[in-house]
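Structure record follows, encoded as structure tokens.
The values are calculated or read from the model by the stated rules, or taken from the named source; none is laboratory data. For clarity, every value in this text was computed on a predicted model and none was experimentally measured. Cβ sites come from the backbone with ideal geometry, for glycine too, and all protein chains shown count toward neighbours.
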Amino acid sequence: MAATKTRTSSFSRNLPAASSAQSPEIKCGPNGTFLVSSGIPDLDKTLGGGIPLGSLVMVMEDSEAPHHMLLLRNFMSQGLVHKQPLLYASPSKDPRGFLGTLPSPSSPKDDKSRSHDAEQEKGLRIAWQYKKYFGENQSNLDGQRGMILFRFIVLYNKQEFSNEFDLRRPLDRHFYTGQHVDCISTKDLPNIAALQERCTSFLSQFSRYICTFFAIDFVCFTNLLIVTFRNDATVACTGRIAIQSLCAPQCESSNMEWEMLSFIRSLKSTVRSANAVAIITFPSSLVSATFCKRWQHLADCLVSVKAIPDEDKELAKLLTGYQDIVGFLNIHRVPRINTQVPAVLEATTLSIKLQKRRYLVLECLNQAPVDGSSGSSYGTSGNCSGASSKSGSLDF
Amino acid sequence: MDSRARNLLDEALGLDQLTQSKSPLGGKAVLIEDCVETSGSFVLHQLIKRLLTATSNSSNVVLFLAFANPFSHYDRILLGEEGKAGGGRSGLFALFANITKVLNSLPEGNRKCLTIVIDDVSLIEVAAHGSSDHVLDFLHYCHALTSNHHGCSLVMLNHDDFYSSMDRPVFLKQMEYAADVLVKVKPLATGLAADVHGQMTVLNRDQCNRRGSLNNRMSNFQFRIKENSVEYFYPGART
């Protein structure tokens with residue numbers, strides 16, 4: 001006796017476009033998601049604007065280089081600058097000491113020569129005028145009040161969602177000495193349950209669903225009405241979890257593979273129903289192959305970092321700007337919450353560069369020109385068939 | 001593509017032969033295998049949609065054991081298709097008891113219209129702390145519900161890329177052996193593409209035909225996933 005009446009649901013695909021997030025630190029994403037910044041504008045752009053709230057990001061470390069720390073630092077700094085509560089777990093004995101190494105947002109006065117100024121972002125279109133303002137023409141304020149105000153607003157908006165971080169300047173203490181920052185050392189934990197408890201209690205303050213009603217239509221038993229009141233994301237109610245080197249060998253609990261998996265599974269589901277983002281880095285080469293795959297399947301967003309070999313002549317011929325590259329970032333999976341359509345990126349491998357040794361920049365790889373005389377392409381490792389090269393699969 | 005129109009997946013699964021009395025999947029056990037690079041959950045979504053919107057049999061019931069995502073995720077994708085939904089509880093025994101409770105609560109004639117959908121099996125393994133024997137037993141019990149006596153259908157999603165690195169992937173082999181229909185979802189060998197999201201192979205182990213010999217049917221085609229539907233086409237035949 002199934003009825004064919006349309007089901008009323010609180011979920012509808014087309015949210016009104018005007019329903020913007022309540023603060024600039026959070027953006028509206030596709031399919032009813034909200035996005036927060038990863039702290040790396042280039043990565044935000046690649047992921048489609050930012051990381052959706054409710055995502056679990058997993059970073060596969062490279063044992064030869066600590067590039068995952070660059071990602072982690074920027075992610076944590078971004079949250080602290082936005083005054084978002086942070087839970088940080090690491091295998092070191094004093095995780096709080098690490099907070100002193102977090103980068104500070106770069107001030108506008110810093111001389112940053114980014115080559116991407118030509119892009120059509122609102123803030124950057126004003127950027128050239130902004131430089132003039134901070135240059136020698138400071139006396140010409142009269143005719144430019146409107147422009148100054150406009151510039152101020154644009155700069156304010158540009159800075160709010162995502163910041164550029166200066167790796168050489170440590171973050172001011174007041175950002176991380178408050179109650180909203182919690183640190184836990186995973187080194188001496190006998191099992192993973194303690195970490196799981198801390199994460200669960202941390203995430204309980206960001207619960208997305210205030211209450212949920214289930215109602216069953218007694219006329220036709222096949223109808224199920226779910227009404228859920230959402231706690232729309234605001235800054236005070238958005239949290240970040242950063243877990244560094246989970247399953248590192250120095251941790252006592254690293255041998256308990258199924259427990260680890262169970263922890264990740266439960267963290268994933270708790271984060272999904274919270275206004276929070278969790279990032280976990282783990283040494284993929286030290287986890288057994290089977291479990292590594294299982295971990296990868298659990299991730300909403302999966303990236304891996306790889307060191308670049310020094311003085312690799314073949315690679316130097318293959319890539320332009322080889323000298324500036326410190327490593328590669330491979331994006332294996334982009335978060336797809338509330339949708340089944342996969343994201344196909346133009347390029348899944350980005351180069352990690354440190355501009356002026358201060359600013360973390362991710363760029364698409366630029367292949368060097370083909371050697372015309374021999375007819376050989378240096379890019380045999382760059383085409384889609386994934387022919388193996390020394391540095392692994394590079395996707396141009 | 002219109003969800004009512006037959007597509008390649010419908011044909012491969014035998015969904016195009018809908019009858020009033022039998023459930024659309026004909027009491028079969030369907031195993032979907034995917035990998036990290038290409039998720040096979042879209043096949044689950046499409047099957048659920050197909051089952052719940054089948055006009056020839058409006059009393060189809062789907063029992064959805066969703067471990068991978070919250071219901072809000074599926075709700076948005078399926079856009080309000082009606083159906084009974086059930087979540088998993090700790091303890092495989094309790095879970096199976098729940099399933100039989102739902103089955104017994106259905107009217108006698110409608111029991112064959114029940115389809116149990118599991119997303120996904122690897123998470124049941126995690127919940128069981130790796131005791132694959134218990135999980136296999138649970139799946140065998142579910143599979144027993146597809147016998148003639150009950151006639152339910154079973155759809156399971158699993159990931160085969162982590163079993164393939166093992167020496168003896170017993171768990172996976174047992175599941176593949178028990179399944180009547182095997183759907184393998186893989187990325188394209190040539191890499192990523194915006195127009196073609198991957199390829200799938202469907203092996204349908206039909207029952208004996210009239211002459212008594214097995215009639216296995218294998219189909220191989222590519223797909224492109226859209227917001228509300230999926231396009232299936234043979235390689236090079238996409239319009």
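What residue, among those in the stretch A:185-227 that are closer than 22 Å to A:Lys27 by Cβ and within 13 Å of chain B (Cβ to nearest Cβ), is modelled with the lowest pLDDT? Taking the candidates together, the pick is A:Tyr209. On inspection, B:Leu95 fails the criterion of being in a strand (DSSP E or B) and at pLDDT 80 or above. In the stretch A:157-207, the residue that is farthest from A:Ser38 (Cα to Cα) out of those that are among the polar types (S, T, N, Q) and surrounded by 20 or more Cβ atoms within 10 Å (Cβ to Cβ) is A:Thr186.
If you go through the stretch B:126-144 and pick out every residue that is free of Cβ contacts under 8 Å to residues at least 12 places away in the same chain and assigned to a helix (DSSP H, G or I), you end up with 3.
Quick grid of which residues meet (1) without any contact (Cβ under 8 Å) to a residue 12 or more places away in the chain; (2) outside any loop (DSSP other than H, G, I, E, B):
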residue	(1), (2)
B:Thr146	no, no
B:His150	no, no
B:Leu157	no, yes
B:Asp161	no, no
B:Ser164	yes, no
B:Phe171	no, yes
B:Glu176	no, yes
B:Ala189	yes, no
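Could you tell me which residue of the stretch B:145-159 is farthest from the other protein chains (Cβ to nearest Cβ), considering only residues that are under 17 Å from B:Phe96 (Cβ atoms) and under 16 Å from the mean Cα position of the chain (by Cα)? Looking at residues that are under 17 Å from B:Phe96 (Cβ atoms) and under 16 Å from the mean Cα position of the chain (by Cα), I get B:Thr146.
Taking the stretch B:160-181, which residues are at the interface with chain A (Cβ under 8 Å from one of its Cβ atoms) and buried (at least 23 other Cβ atoms within 10 Å of the Cβ)? The one that is at the interface with chain A (Cβ under 8 Å from one of its Cβ atoms) and buried (at least 23 other Cβ atoms within 10 Å of the Cβ): B:Phe162. Flag: A:Val344 does not match the condition of being among the hydrophobic types (A, V, I, L, M, F, W, C) and closer than 26 Å to A:Gly239 by Cβ. Selection of the stretch A:293-306 for residues being touching a Phe, Trp or Tyr at 6+ places or on another chain (Cβ under 8 Å) and not β-branched (Val, Ile, Thr) yields A:Lys293, A:Arg294, A:Trp295, A:His297, A:Lys306. Identify all residues within the stretch A:21-74 that are outside any strand (DSSP E or B), acidic (Asp, Glu) and under 19 Å from A:Ile352 (Cα atoms); write none if there are none. The answer is A:Asp42, A:Asp44, A:Glu61, A:Glu64.
Exactly one residue among B:Leu123, B:Leu106 is over 15 Å from the mean Cα position of the chain (by Cα), at pLDDT 85 or above and either within 12 Å of chain A (Cβ to nearest Cβ) or surrounded by fewer than 14 Cβ atoms within 10 Å (Cβ to Cβ) (or both), and that residue is B:Leu123. Only a single item in (1) among the hydrophobic types (A, V, I, L, M, F, W, C); (2) in contact with a strand residue (DSSP E or B) (Cβ under 8 Å, 6 or more places away or on another chain); (3) within 24 Å of A:Gly239 (Cα to Cα) is not met by A:Ala307, and it is number (3). For the stretch A:258-280, the set of residues classified as part of a helix (DSSP H, G or I) and more than 8 Å from chain B (Cβ to nearest Cβ) consists of A:Met260, A:Phe263, A:Ile264, A:Ser266, A:Leu267, A:Lys268, A:Thr270, A:Val271, listed by residue number.
Does A:Ile26 count as surrounded by 16 or more Cβ atoms within 10 Å (Cβ to Cβ), more than 14 Å from every other protein chain (Cβ to nearest Cβ) and at pLDDT below 90? Judged against the criteria, A:Ile26 is a match. Just one of (1) under 13 Å from B:Glu33 (Cα atoms); (2) at pLDDT 90 or above; (3) within 14 Å of chain A (Cβ to nearest Cβ) fails for B:Lys184. It is (3).
When every residue of the stretch B:196-204 is checked against the conditions, at least one turns out to be surrounded by 15 or more Cβ atoms within 10 Å (Cβ to Cβ) and not in a strand (DSSP E or B).
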